[in-house]
Amino acid sequence: MKQNPCRYCALAFVHNGRHSPSWNDKCAKCENIKAHKEYLESQRKFIEGEPITTLDELLEQEWVMWYHNSRHIEAIKSTPIRTVLKWIEIGVFHKAIRKESEEN
């Protein structure tokens, strides 16, 4: 299911042109949304690994998972050091493990 199932749903709400499920119980139980989320997970290139706990360990990585999204290390390096140290302290960084390609 490549397209968002909430596009034509009467229960969905629209924010900045994006259709999202509402807080209604029907949306929480919707099979279309569950299938769409599984599809999006299957299309990701990286999965989360173990947490990164030191600045040295962070700088060794090329890709990191930041709040469940993949980020290249250069995007993190341009962030102020105080912010990066706080993120490491609260544990938002995880190692990014590349999924094996099924085309091999």
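The values are calculated or read from the model by the stated rules, or taken from the named source; none is laboratory data. Remember, predicted model here, so these are calculated numbers, not experimental data. Methodologically, a virtual Cβ is constructed for each residue, glycine included, from the backbone with ideal geometry; neighbour enumeration extends over all protein chains shown.
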**Item:** Residue check for CYS27: surrounded by 15 or more Cβ atoms within 10 Å (Cβ to Cβ) and assigned to a loop (DSSP other than H, G, I, E, B)
**Value:** no
For the range 1-16, pairs from a residue that is more than 16 Å from ALA35 (Cβ to Cβ) to a residue that is not in a loop (DSSP other than H, G, I, E, B), with Cβ under 8 Å and 6 or more apart or across chains, are LEU11/LYS26; LEU11/CYS27; PHE13/HIS19; PHE13/SER20; VAL14/SER20
The correct count of residues that are more than 15 Å from ILE97 (Cα to Cα) and in contact with an Asp or Glu (Cβ under 9 Å, 6 or more places away or on another chain) in the range 54-73 is 0
Of the residues in the range 65-102, those that are within 23 Å of LYS37 (Cα to Cα) and among the charged types (D, E, K, R) number 6
Given the conditions (1) outside any loop (DSSP other than H, G, I, E, B); (2) in contact (Cβ under 8 Å) with a residue 40 or more places away in the chain, every one holds for ARG44 apart from (1)
Counting only residues in the range 1-24 that are surrounded by fewer than 10 Cβ atoms within 10 Å (Cβ to Cβ) and of a type in the set (A, V, I, L, M, F, W, C), the one nearest to the chain's Cα centre (by Cα) is identified as TRP23
Pairs returned, first residue in the range 84-104 that is part of a helix (DSSP H, G or I) and surrounded by fewer than 10 Cβ atoms within 10 Å (Cβ to Cβ), second residue that is at pLDDT 95 or above and not β-branched (Val, Ile, Thr), beta-carbon separation under 6 angstrom, 6 or more apart or interchain, are none
